[in-house]
1. Select from the range 326-350 the residues that are aliphatic (A, V, I, L, M) and open to solvent by 40 Å² or more (accessible area, probe 1.4 Å) and write down the one among them that is nearest to Tyr184 (Cα to Cα).
2. I'd like to know if the range 265-276 contains one or more residues that are touching a strand residue (DSSP E or B) at 6+ places or on another chain (Cβ under 7 Å), farther than 26 Å from Gly409 by Cβ and open to solvent by 30 Å² or more (accessible area, probe 1.4 Å).
3. Can you work out which of the residues in the range 314-366 that are hydroxyl-bearing (Ser, Thr, Tyr) and within 16 Å of the chain's Cα centre (by Cα) is farthest from Ser170 (Cα to Cα)?
4. Of everything in the range 233-249, what is open to solvent by 30 Å² or more (accessible area, probe 1.4 Å) and in contact with a strand residue (DSSP E or B) (Cβ under 8 Å, 6 or more places away or on another chain)? Give them in sequence order.
5. So, Ser260, is that one open to solvent by 20 Å² or more (accessible area, probe 1.4 Å) and among the small types (Gly, Ala, Ser) or not?
6. Specify which of the listed residues (Asp94, Asp75, Asp40) is open to solvent by 60 Å² or more (accessible area, probe 1.4 Å), at pLDDT 95 or above and acidic (Asp, Glu).
7. Please name all residue pairs, on different chains or six or more residues apart, with Cβ atoms under 6 Å, provided the first residue is in the range 288-306 and is under 19 Å from Asp236 (Cβ atoms) and among the acidic types (Asp, Glu) and the second residue is open to solvent by less than 20 Å² (accessible area, probe 1.4 Å) and not in a loop (DSSP other than H, G, I, E, B).
Amino acid sequence: MKHASLYFLLLLASNALANNVRITNVSTIPSATFTQVAFDISWDNSWRVSTGPNNYDAVWVFIKYKVGNVWTHLDMTGANNSIGGGFTINVPSDSKGCFIYRSADGSGNVALTNVRVGVPVVSGSFDIKVFGIEMVFVPQGNLVIGDGNGTTESNTSLHLGAGNSAVLISTSLVNDIRADATAYVDTQVSITGIGIDGDGGLDTDDNGTIDNAFFPTGFQPFFCMKYEITERAFTDFLNTLTYTQQASRLSAGTPASPISTYVAGLGIEIVTPGIDPTTPAVFGTDFDNDNIFDEATDGDWKATSGHTWMSLCAYLDWAALRPMTQLEYEKACRGPNAPVLREYAWGNANIFSSTYSISAVGQNSESVTNASTSAGNAVNASNFSGSARNGIFATPTSGRTEAGASYYGVLELTGNVSEVVVTVLNA
């Protein structure tokens, strides 16, 4: 049904899902001078702590509306927001969405009703979709890059000078940061080095002067996705693109391919073929390969895989996000702690090496029945076929190692599918 107003008309969208985020009951609330988009939002295993990692989780919420046959990003105004007690709506300066998070320490599942965000007044009648992505806040502070112990280190690890020592990044410029020569490391980094100032940026030619003040070094605060991109999230992305945009994002086939043609990820397929160039295809998930789409067994919650770097960048751009840098990745994993040689994201070098036994494959309840209670848990090619449900090892009682979690509570930074980052190893 349509909700009519003089300023903004809304065709109610289907529920938006990203791992365990649920956004429902979307509507618009117009007035003479502004418009609000209202919705209910819930997610599981939320937290905020002022000790230890001193951080919190959040949901990044953004909105698309359909003009003719094209989905367009709807900015937020930063005004006329409303949310229940104990929670905050934070609209960044670019107005592309908002972060919703706890305003005081606490933990547990979240269920908020009648959340309202202010949006610009747009005349006309439109379809609208509200999306949510779970995030983790990484606070400002020092970090250590590389895992060298003075004697040895991991391949392509950053180190100070010609030795094997990890590097502390703080508010002072540190020069002569290098990595050993490989196909991935250019001569500037392997021979001369670069400089990094935590709150200042990069000295790319190592001459003592900052050349790139805007490169994210990991020292400044940032948000990171709590989970890897899911099959459902990438399907939602495809379903808001034009035919031409869809064609550039598929790993196989075209948007006009027959129904059930495998096109991307583990099980993203075409439900309704498109017509070049006017009508985009409709995509769905079919992990169980029974040609019935978007069932509970179709792998919506699995991490998506098989995409190019540019397709991942396109997804992030669509969501008004950006890739993390190599330095931010190390900070998100390790926090302020000293490095451990060849450590995984959970802070030690111990990893479960046996084959996992899986139940409820492809479902939201997909789980591992023989996960380790002492070594770090992570899905990899030797113990699991394909990718797993995001957060598969995390439970309300699991510790960091059992859950395979980073210092700040980010999951699957080791294992499942690979993280691609913006490197400092070459220009």
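The values are calculated or read from the model by the stated rules, or taken from the named source; none is laboratory data. Please read these numbers as outputs of a predicted model, since none were measured by experiment. Using ideal geometry, Cβ is built from the backbone for each residue, glycine included, and neighbour counts are taken over all protein chains shown. Each accessible area value is taken on the protein alone, full model and side chains, heavy atoms only, with ligands, DNA and RNA left out. Shrake-Rupley method; radii C 1.70, N 1.55, O 1.52, S 1.80 Å.
1. Residues of the range 326-350 that are aliphatic (A, V, I, L, M), as a first pass: 327, 332, 338, 340-341, 345, 349.
Still in the list and also open to solvent by 40 Å² or more (accessible area, probe 1.4 Å): 338, 340-341, 349.
Details: Ala338: 25, Val340: 23, Leu341: 21, Ala349: 24 Å.
Step by step, filter the range 326-350, then rank; the result is Leu341.
2. yes
3. Once the filter is applied, the top-ranked residue is Tyr315.
4. Going residue by residue through the range 233-249, those that are open to solvent by 30 Å² or more (accessible area, probe 1.4 Å) are 239, 242, 244-245, 247-249.
If the condition is that a residue be open to solvent by 30 Å² or more (accessible area, probe 1.4 Å) and in contact with a strand residue (DSSP E or B) (Cβ under 8 Å, 6 or more places away or on another chain), then Asn239, Thr242, Arg249 are the ones that fit.
5. yes
6. Numbers: Asp75 fails: open to solvent by 60 Å² or more (accessible area, probe 1.4 Å); Asp40 fails: open to solvent by 60 Å² or more (accessible area, probe 1.4 Å).
Result of the check over Asp94, Asp75, Asp40: Asp94.
7. Matching pairs, first to second residue: Asp294/Gly284; Asp294/Thr285; Asp298/Thr285; Asp300/Glu231; Asp300/Thr285.
Conditions tested, residue by residue: (1) acidic (Asp, Glu); (2) modelled with pLDDT under 95; (3) closer than 30 Å to Phe99 by Cα; (4) in contact with a Gly (Cβ under 9 Å, 6 or more places away or on another chain).
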| residue | (1), (2), (3), (4) |
| --- | --- |
| Leu143 | no, no, yes, yes |
| Asp147 | yes, no, no, no |
| Thr156 | no, yes, no, no |
| Val167 | no, no, no, yes |
| Gln188 | no, no, no, no |
| Thr192 | no, no, no, no |
| Gly198 | no, no, yes, yes |
| Thr204 | no, no, no, yes |
| Asn207 | no, no, no, yes |
